Amino acid sequence: MSKTALGLLIRNLRKAKGLSLRKLAKQVDVSFVNIAHIENGRVVTSKKVLKQLGRALNYNLDKLLAIGNRVDDDIEKIIRKKPATVPEFLRTAKNLSDAEWQQLTDIVKNMNKKK
Amino acid sequence: MNDPSHIPNKTIEQEAVQLVQAFEKESGTRIKPPIPVFEMIEFLGYDLDFRSDGFYKDPNNLGGLHIDEKLVVINENLTEQEGRMHFTAAHEIGHIRLHVSLIMEQKAKENILCRKDEGFEGIKKDPREWQADTFAAYLLMPTDRVNDAFNKVSQHPITLKKKRFLNLFMKTRPARQRSLWIAENVINEGGFENVSKLAMANRLIGLGLVRGIGYQKLLGA
């Protein structure tokens, strides 16, 4: 998604929570001008700020990072740890439905329990 | 307000007061200085943008009202001048309250772009720009709040007399400098953190609380 999509999402979430630019800026610890820039798609938002925005707006962090064209550090670590296996697995699974992904997740959770 | 070339100051002040009252009702809190003008822009259903490209490359182009997009743009170069930035935001609110309905009635596809030389500081004195500046002054510095703060600084209006020949040999500050010093004190007493000393000095002059001196302009403007 584009920067504008991220901006629109942030603006809509902020307004739904009844927060002014300034109030959100205070929670995220950036200037309110910066928040306006993010909402208007004028800046590339850092991972750190995206995470803070996700927390302040009660929005799924991974989803927000994805909309901002970013991936969380722990995911990057997992891929780097198994640089051949993980990408291959993801490519193989790319056409799975949401329900199938859930099934797969449950299987992995069970595997983890047995360890 | 059908004739935009003349809106009495009293009407402009009423518009500012009514906006504050509506905002107080919506937010459920009593508003006191610093008046939250950016929150008010959003309360009026407009979004905000800060730009330094195109028209806004020129620092003399202070802001704009994009009516179709319901967007207020502030020149990003102003963000380091707290007073001027807030005055510009309040000025754009002035356009929203005083001029947008008329523009909509005329079905004009018009954006209002605001240049420094058309308002209080300018020589062109476009009536709309002048009215928006007047509105901004009333909104950011409500009469009763300014009076209250001024009373803490002085019990009586202060007359700043021009330097007489004899004073040339004494260490007295020029009237302009003294008016700014009074303004600073009123700002501090009243919590007008988002108002410049110059804007407050002019408000005090307008209210007759500081006398013997005309409206002041930004030096070098």
Exercise for the section: Might you let me know whether segment A:69-87 holds any residue that is closer than 30 Å to B:S52 by Cα and of a type outside the set (D, E)? Expected result: yes
Exercise for the section: Give the number of residues within segment B:120-141 that are closer than 20 Å to B:H86 by Cβ, surrounded by fewer than 20 Cβ atoms within 10 Å (Cβ to Cβ) and either modelled with pLDDT of 75 or more or β-branched (V, I, T) (or both). Expected result: 1
Handout entry: Residue list for segment A:1-21, filter: open to solvent by 80 Å² or more (accessible area, probe 1.4 Å) and within 10 Å of chain B (Cβ to nearest Cβ)
Key = A:K15
Completion exercise
Being part of a helix (DSSP H, G or I), open to solvent by less than 90 Å² (accessible area, probe 1.4 Å) and within 30 Å of B:D53 (Cβ to Cβ) narrows A:Q27, A:Q52 down to just A:Q52
Exercise for the section: Given the conditions (1) within 13 Å of chain A (Cβ to nearest Cβ); (2) crowded, with 16+ Cβ neighbours inside 10 Å, report the number of the one that B:E26 does not fulfil. Expected result: (2)
Practice task
Can you work out which of the residues in segment A:1-24 that are of a type in the set (G, A, S) and either part of a helix (DSSP H, G or I) or in contact with an Asp or Glu (Cβ under 9 Å, 6 or more places away or on another chain) (or both) is farthest from A:L64 (Cα to Cα)?
Solution key: A:S20
Problem - Qualifying residue in segment B:172-190 (condition: in a loop (DSSP other than H, G, I, E, B) and either of a type in the set (A, V, I, L, M, F, W, C) or modelled with pLDDT of 90 or more (or both)) - result: no
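Okay, residues lined up against (1) in a loop (DSSP other than H, G, I, E, B); (2) open to solvent by 50 Å² or more (accessible area, probe 1.4 Å); (3) out of contact with any Lys or Arg (no Cβ under 9 Å at 6 or more places or on another chain):
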residue	(1), (2), (3)
A:V43	yes, no, no
A:K77	no, yes, yes
A:P87	no, no, yes
A:W101	no, yes, yes
Problem - Selection count where residues are buried (at least 19 other Cβ atoms within 10 Å of the Cβ), part of a helix (DSSP H, G or I) and more than 10 Å from every other protein chain (Cβ to nearest Cβ), scope segment B:40-59 - result: 1
Fill in the blank from the handout: The correct count of residues that are within 14 Å of chain A (Cβ to nearest Cβ), more than 17 Å from B:M40 (Cβ to Cβ) and among the polar types (S, T, N, Q) in segment B:60-97 is 4
Exercise for the section: Could you please tell me which pairs satisfy a Cβ distance under 9 Å, a separation of 6+ or placement on different chains, a first residue in segment A:83-94 that is more than 17 Å from A:T105 (Cβ to Cβ), and a second residue that is part of a helix (DSSP H, G or I)? Expected result: A:P87/A:I79
Practice task
Test A:K48 against the criterion of being within 13 Å of chain B (Cβ to nearest Cβ), among the charged types (D, E, K, R) and free of Cβ contacts under 8 Å to residues at least 40 places away in the same chain, and give yes or no.
Solution key: no
Completion exercise
Checked segment B:191-221 for anything crowded, with 19+ Cβ neighbours inside 10 Å, part of a loop (DSSP other than H, G, I, E, B) and among the aliphatic types (A, V, I, L, M); matches are B:V195, B:L209, B:I213
Practice task
Report, by residue number, each residue of segment A:22-34 that is more than 9 Å from chain B (Cβ to nearest Cβ) and closer than 18 Å to B:G45 by Cα.
Solution key: A:L24
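The values are calculated or read from the model by the stated rules, or taken from the named source; none is laboratory data. Since this is a predicted model, take the numbers as computed values, not measurements. Cβ sites come from the backbone with ideal geometry, for glycine too, and all protein chains shown count toward neighbours. For the accessible areas, the whole protein counts, side chains as well, though only heavy atoms, and no ligand, DNA or RNA atoms are used. Shrake-Rupley method; radii C 1.70, N 1.55, O 1.52, S 1.80 Å.
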